[in-house]
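Notes follow once the structure below has been shown.
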Amino acid sequence: MKTYIICTMAFMFSGPTVAQQKLDTIYANDKKNVALFFPEPIRQGITGTPNFVFTYNREKEQYFGLLQATPGAESNLLALTKNGQVYSYILKYRAQLPKLNYFISGNESIGNERPMAIDHKRITEPVDRTAYFQKFSEYQLKSRYLPISTKRRKGIKLQLQKMVYNATEVYLVIEITNRSGIDFEIDFLNVYRTNGNKQKKASYQRLEQHVSYKYKIPDLIKDGQSGRFVYVLPKFVLGDHEMLEIELKESKGSRAVILSTLDPLKSQNIGRAH
(Lines give C-alpha, C1' and ligand atoms only; values in the text may rest on other atoms or scores of the structure.)
Protein backbone atom coordinates (compact mmCIF):
# COMPACT_ATOMS: atom_id res chain seq x y z
CA MET A 1 0.00 0.00 0.00
CA LYS A 2 1.04 3.60 -0.61
CA THR A 3 -0.02 6.68 1.28
CA TYR A 4 -1.08 9.80 -0.53
CA ILE A 5 -1.60 13.04 1.40
CA ILE A 6 -2.54 16.35 -0.19
CA CYS A 7 -3.31 19.34 1.97
CA THR A 8 -5.63 21.21 -0.39
CA MET A 9 -7.58 20.17 -3.42
CA ALA A 10 -10.85 21.28 -5.00
CA PHE A 11 -13.43 19.07 -6.71
CA MET A 12 -16.45 19.91 -8.78
CA PHE A 13 -19.22 17.42 -8.28
CA SER A 14 -22.94 17.09 -8.67
CA GLY A 15 -25.23 16.82 -5.67
CA PRO A 16 -25.60 18.87 -2.44
CA THR A 17 -22.66 20.99 -1.35
CA VAL A 18 -20.60 19.96 1.66
CA ALA A 19 -21.71 23.07 3.58
CA GLN A 20 -25.32 21.87 3.44
CA GLN A 21 -24.53 18.57 5.14
CA LYS A 22 -23.38 17.75 8.64
CA LEU A 23 -20.35 15.51 8.23
CA ASP A 24 -19.87 12.41 10.36
CA THR A 25 -16.76 12.13 12.51
CA ILE A 26 -14.26 9.26 12.37
CA TYR A 27 -11.78 8.78 15.21
CA ALA A 28 -8.26 7.36 14.84
CA ASN A 29 -5.03 7.04 16.81
CA ASP A 30 -1.45 5.82 16.44
CA LYS A 31 -2.02 2.47 18.18
CA LYS A 32 -4.55 0.77 15.90
CA ASN A 33 -5.66 0.76 12.27
CA VAL A 34 -9.17 2.03 11.63
CA ALA A 35 -10.65 0.35 8.53
CA LEU A 36 -13.06 2.10 6.15
CA PHE A 37 -15.02 -0.15 3.76
CA PHE A 38 -16.54 1.63 0.76
CA PRO A 39 -19.27 0.28 -1.57
CA GLU A 40 -16.96 0.75 -4.59
CA PRO A 41 -13.16 0.48 -5.00
CA ILE A 42 -11.23 3.51 -3.76
CA ARG A 43 -9.73 5.68 -6.50
CA GLN A 44 -8.32 8.46 -4.33
CA GLY A 45 -8.13 9.38 -0.64
CA ILE A 46 -6.96 12.71 0.75
CA THR A 47 -6.45 13.96 4.31
CA GLY A 48 -6.23 17.62 5.20
CA THR A 49 -3.27 17.52 7.61
CA PRO A 50 -0.19 15.29 7.91
CA ASN A 51 -1.09 13.98 11.37
CA PHE A 52 -3.77 11.82 9.70
CA VAL A 53 -2.67 9.11 7.25
CA PHE A 54 -5.08 7.23 4.98
CA THR A 55 -3.56 4.29 3.08
CA TYR A 56 -5.11 2.28 0.26
CA ASN A 57 -3.94 0.11 -2.61
CA ARG A 58 -3.51 1.98 -5.90
CA GLU A 59 -2.01 -0.98 -7.80
CA LYS A 60 -5.01 -3.27 -7.23
CA GLU A 61 -8.57 -2.05 -6.75
CA GLN A 62 -9.74 -2.58 -3.17
CA TYR A 63 -12.81 -1.53 -1.27
CA PHE A 64 -11.08 -0.61 1.98
CA GLY A 65 -8.47 1.77 3.30
CA LEU A 66 -6.72 2.12 6.67
CA LEU A 67 -6.63 5.28 8.78
CA GLN A 68 -4.11 6.21 11.48
CA ALA A 69 -3.44 9.44 13.35
CA THR A 70 -1.04 11.17 15.71
CA PRO A 71 -2.14 13.76 18.29
CA GLY A 72 -2.99 17.10 16.72
CA ALA A 73 -5.76 19.29 15.40
CA GLU A 74 -8.83 17.79 13.76
CA SER A 75 -8.85 17.41 9.99
CA ASN A 76 -10.96 15.90 7.23
CA LEU A 77 -10.92 13.00 4.79
CA LEU A 78 -12.10 13.28 1.19
CA ALA A 79 -12.43 9.98 -0.67
CA LEU A 80 -13.42 9.22 -4.26
CA THR A 81 -14.54 5.79 -5.41
CA LYS A 82 -14.30 4.20 -8.84
CA ASN A 83 -17.81 5.27 -9.86
CA GLY A 84 -17.08 8.94 -9.08
CA GLN A 85 -18.91 9.15 -5.76
CA VAL A 86 -17.45 11.59 -3.22
CA TYR A 87 -17.33 10.92 0.54
CA SER A 88 -16.28 13.43 3.18
CA TYR A 89 -15.69 12.99 6.94
CA ILE A 90 -14.32 14.94 9.88
CA LEU A 91 -11.21 13.32 11.41
CA LYS A 92 -10.30 13.54 15.10
CA TYR A 93 -7.61 11.94 17.23
CA ARG A 94 -8.79 9.92 20.22
CA ALA A 95 -6.76 7.66 22.49
CA GLN A 96 -9.73 5.34 23.10
CA LEU A 97 -11.46 4.48 19.83
CA PRO A 98 -15.25 3.97 19.75
CA LYS A 99 -14.96 1.54 16.80
CA LEU A 100 -12.34 0.05 14.48
CA ASN A 101 -14.40 -0.76 11.37
CA TYR A 102 -16.66 1.56 9.36
CA PHE A 103 -18.88 0.05 6.67
CA ILE A 104 -19.85 2.98 4.47
CA SER A 105 -23.03 2.82 2.41
CA GLY A 106 -23.64 4.55 -0.89
CA ASN A 107 -26.21 6.94 0.58
CA GLU A 108 -23.45 8.54 2.68
CA SER A 109 -21.96 10.05 -0.47
CA ILE A 110 -22.10 13.84 -0.61
CA GLY A 111 -22.31 13.82 -4.42
CA ASN A 112 -20.53 12.83 -7.60
CA GLU A 113 -17.47 14.46 -9.15
CA ARG A 114 -19.24 14.65 -12.51
CA PRO A 115 -22.90 14.96 -13.61
CA MET A 116 -24.72 11.69 -13.33
CA ALA A 117 -26.21 10.36 -16.53
CA ILE A 118 -28.62 7.46 -16.81
CA ASP A 119 -26.62 4.38 -17.68
CA HIS A 120 -28.89 1.42 -18.39
CA LYS A 121 -25.96 -0.99 -18.41
CA ARG A 122 -24.92 0.12 -14.92
CA ILE A 123 -28.50 -0.20 -13.65
CA THR A 124 -28.55 -3.88 -14.55
CA GLU A 125 -25.01 -4.60 -13.31
CA PRO A 126 -25.88 -5.62 -9.72
CA VAL A 127 -28.32 -8.26 -10.98
CA ASP A 128 -25.74 -9.57 -13.46
CA ARG A 129 -23.03 -9.74 -10.79
CA THR A 130 -25.27 -11.65 -8.40
CA ALA A 131 -26.12 -14.14 -11.11
CA TYR A 132 -22.44 -14.55 -11.93
CA PHE A 133 -21.51 -15.01 -8.24
CA GLN A 134 -24.14 -17.75 -8.00
CA LYS A 135 -22.98 -19.53 -11.16
CA PHE A 136 -19.29 -19.42 -10.27
CA SER A 137 -19.97 -20.48 -6.67
CA GLU A 138 -21.94 -23.49 -7.89
CA TYR A 139 -19.03 -24.43 -10.15
CA GLN A 140 -16.61 -24.27 -7.22
CA LEU A 141 -18.82 -26.55 -5.11
CA LYS A 142 -18.81 -29.15 -7.89
CA SER A 143 -15.09 -28.99 -8.69
CA ARG A 144 -12.32 -30.99 -6.98
CA TYR A 145 -10.34 -29.65 -4.05
CA LEU A 146 -7.62 -30.35 -1.50
CA PRO A 147 -8.47 -29.02 1.99
CA ILE A 148 -6.43 -25.99 3.05
CA SER A 149 -7.08 -26.01 6.79
CA THR A 150 -9.32 -27.83 9.31
CA LYS A 151 -10.32 -27.10 12.90
CA ARG A 152 -12.31 -29.44 15.18
CA ARG A 153 -13.93 -28.53 18.48
CA LYS A 154 -16.57 -30.36 20.53
CA GLY A 155 -17.68 -32.50 17.59
CA ILE A 156 -17.91 -29.58 15.14
CA LYS A 157 -15.49 -29.54 12.20
CA LEU A 158 -14.83 -26.31 10.31
CA GLN A 159 -12.87 -26.73 7.08
CA LEU A 160 -11.59 -24.26 4.48
CA GLN A 161 -11.53 -26.33 1.29
CA LYS A 162 -10.75 -23.85 -1.49
CA MET A 163 -9.78 -20.24 -2.00
CA VAL A 164 -10.00 -19.05 -5.60
CA TYR A 165 -9.32 -15.72 -7.25
CA ASN A 166 -11.68 -14.64 -10.02
CA ALA A 167 -11.90 -11.11 -11.43
CA THR A 168 -12.06 -8.72 -8.43
CA GLU A 169 -13.29 -11.31 -5.95
CA VAL A 170 -11.99 -14.25 -3.94
CA TYR A 171 -14.18 -17.30 -3.37
CA LEU A 172 -13.95 -19.32 -0.13
CA VAL A 173 -15.40 -22.84 -0.18
CA ILE A 174 -16.19 -23.82 3.42
CA GLU A 175 -17.65 -26.95 5.00
CA ILE A 176 -19.16 -27.44 8.46
CA THR A 177 -19.60 -31.01 9.77
CA ASN A 178 -21.57 -31.83 12.91
CA ARG A 179 -20.66 -34.97 14.88
CA SER A 180 -21.49 -33.52 18.29
CA GLY A 181 -24.74 -35.35 18.95
CA ILE A 182 -26.65 -32.03 19.03
CA ASP A 183 -27.92 -29.93 16.14
CA PHE A 184 -25.85 -26.80 15.50
CA GLU A 185 -27.71 -23.59 14.66
CA ILE A 186 -25.43 -20.96 13.09
CA ASP A 187 -25.37 -17.51 14.61
CA PHE A 188 -22.62 -16.14 12.36
CA LEU A 189 -19.58 -17.09 10.35
CA ASN A 190 -17.15 -14.21 9.93
CA VAL A 191 -13.87 -13.90 8.03
CA TYR A 192 -10.95 -11.85 9.38
CA ARG A 193 -7.41 -10.83 8.57
CA THR A 194 -5.26 -10.94 11.70
CA ASN A 195 -1.80 -9.66 12.51
CA GLY A 196 0.25 -10.09 15.66
CA ASN A 197 0.02 -12.22 18.78
CA LYS A 198 -3.30 -12.58 20.64
CA GLN A 199 -1.37 -12.80 23.91
CA LYS A 200 0.06 -9.33 23.27
CA LYS A 201 -3.04 -7.17 22.88
CA ALA A 202 -1.07 -4.03 22.02
CA SER A 203 0.31 -5.62 18.84
CA TYR A 204 -2.70 -7.77 17.86
CA GLN A 205 -4.99 -6.57 15.07
CA ARG A 206 -8.15 -8.27 13.78
CA LEU A 207 -9.87 -6.86 10.70
CA GLU A 208 -13.24 -8.26 9.64
CA GLN A 209 -13.61 -8.75 5.88
CA HIS A 210 -16.68 -7.59 3.98
CA VAL A 211 -18.66 -10.44 2.38
CA SER A 212 -20.14 -9.53 -1.00
CA TYR A 213 -22.21 -12.69 -1.49
CA LYS A 214 -23.07 -15.92 0.36
CA TYR A 215 -24.07 -19.05 -1.54
CA LYS A 216 -25.95 -21.95 0.07
CA ILE A 217 -24.92 -21.21 3.65
CA PRO A 218 -27.28 -23.20 5.92
CA ASP A 219 -28.98 -21.91 9.05
CA LEU A 220 -28.76 -25.28 10.78
CA ILE A 221 -26.37 -28.24 10.63
CA LYS A 222 -28.17 -31.30 11.98
CA ASP A 223 -26.23 -33.88 13.94
CA GLY A 224 -24.49 -36.32 11.59
CA GLN A 225 -24.73 -33.96 8.60
CA SER A 226 -22.49 -31.48 6.76
CA GLY A 227 -23.03 -28.25 4.93
CA ARG A 228 -20.85 -26.84 2.12
CA PHE A 229 -21.17 -23.26 0.97
CA VAL A 230 -19.29 -20.36 -0.61
CA TYR A 231 -18.34 -16.91 0.65
CA VAL A 232 -17.50 -14.26 -1.98
CA LEU A 233 -15.27 -11.40 -0.78
CA PRO A 234 -13.48 -8.48 -2.43
CA LYS A 235 -10.06 -9.72 -3.52
CA PHE A 236 -7.28 -9.40 -0.95
CA VAL A 237 -3.76 -10.73 -0.42
CA LEU A 238 -2.40 -11.52 3.04
CA GLY A 239 0.78 -9.78 4.16
CA ASP A 240 3.88 -11.65 5.28
CA HIS A 241 2.79 -11.72 8.92
CA GLU A 242 -0.96 -11.87 8.45
CA MET A 243 -3.30 -14.83 8.93
CA LEU A 244 -6.74 -15.65 7.57
CA GLU A 245 -9.20 -16.42 10.35
CA ILE A 246 -12.71 -17.88 10.09
CA GLU A 247 -14.92 -17.74 13.18
CA LEU A 248 -18.06 -19.88 13.54
CA LYS A 249 -20.46 -19.13 16.43
CA GLU A 250 -23.53 -21.04 17.58
CA SER A 251 -26.88 -19.30 18.01
CA LYS A 252 -28.54 -19.82 21.40
CA GLY A 253 -25.47 -21.71 22.62
CA SER A 254 -21.84 -21.29 23.61
CA ARG A 255 -20.12 -23.48 21.02
CA ALA A 256 -17.64 -21.75 18.72
CA VAL A 257 -14.88 -22.79 16.33
CA ILE A 258 -12.06 -20.54 15.11
CA LEU A 259 -9.92 -21.64 12.17
CA SER A 260 -6.67 -19.84 11.35
CA THR A 261 -4.30 -20.39 8.47
CA LEU A 262 -1.10 -18.79 7.20
CA ASP A 263 -0.85 -17.66 3.57
CA PRO A 264 -3.63 -19.86 2.12
CA LEU A 265 -3.22 -18.16 -1.28
CA LYS A 266 0.19 -19.81 -1.60
CA SER A 267 -1.18 -23.33 -1.18
CA GLN A 268 -0.98 -25.59 -4.19
CA ASN A 269 -4.71 -25.78 -4.70
CA ILE A 270 -5.17 -22.03 -4.79
CA GLY A 271 -5.46 -20.36 -8.13
CA ARG A 272 -7.61 -18.59 -10.62
CA ALA A 273 -10.97 -19.92 -11.71
CA HIS A 274 -10.18 -23.63 -11.62
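Would you work out if the range 141-268 is rounded, prolate or oblate? Take a ≥ b ≥ c from the square roots of the eigenvalues of the alpha-carbon gyration tensor; rounded if a/c is under 1.5, else prolate when a/b is larger than b/c, oblate otherwise. Taking the square roots of the gyration eigenvalues as a ≥ b ≥ c, the range 141-268 is oblate.
Stretching the chain fully between Asp183 and Arg114 yields a gain of 19.5 nm (0.36 nm per residue, less the alpha carbon separation).
With all projection directions averaged, the alpha carbon convex hull of the range 39-185 covers 13.5 nm².
How much net charge surrounds Ser260 when only the other residues with a Cβ under 9 Å from the Cβ of Ser260 are counted, with Lys and Arg +1 and Asp and Glu -1? Within the 9 Å Cβ shell, the charges total 0. For the range 189-233, carbon and sulfur atoms together expose 43% of the accessible surface, with a 1.4 angstrom probe and every protein chain in place.
Among residues other than Arg179 whose Cβ falls under 13 Å from its Cβ, what is the net charge (Lys/Arg +1, Asp/Glu -1)?
Numbers: positive: Arg152, Arg153, Lys154, Lys157, Lys222, Arg255; negative: Glu175, Asp183, Asp223.
Every neighbour counted, the sum reads +3.
Amide H to amide H, with H built 1.01 Å from N, Gln161 comes under 5 Å of Ile148, Val173, Ile174, Glu175, counting only residues 5 or more places away or on other chains.
Any chance you could run the full-extension gain for Lys82 through Asp30? It's 0.36 nm times the residue separation minus the Cα-Cα distance, nm to one decimal.
Values: separation 52, 0.36 × 52 = 18.72 nm, distance 2.84 nm.
Computed gain between Lys82 and Asp30 is 15.9 nm.
Label positions at Thr55 and Asp223, each projected 7 Å from the Cα along the C-beta direction, are separated by 4.9 nm. Cross-link check: pairs Lys162/Lys235; Lys60/Lys142; Lys32/Lys252; Lys32/Lys216; Lys31/Lys151; Lys31/Lys198 evaluated at a Cα-Cα cut-off of 24 Å; pairs beyond the cut-off: Lys60/Lys142; Lys32/Lys252; Lys32/Lys216; Lys31/Lys151.
The values are calculated or read from the model by the stated rules, or taken from the named source; none is laboratory data. Being a predicted model, the structure only gives us computed values, none of them experimental. Glycine also receives a Cβ, built like all others from the backbone with ideal geometry; neighbour counts cover every protein chain displayed. Heavy atoms of the whole protein, side chains included, go into the accessibility calculation; ligands, DNA and RNA do not. Shrake-Rupley method; radii C 1.70, N 1.55, O 1.52, S 1.80 Å.
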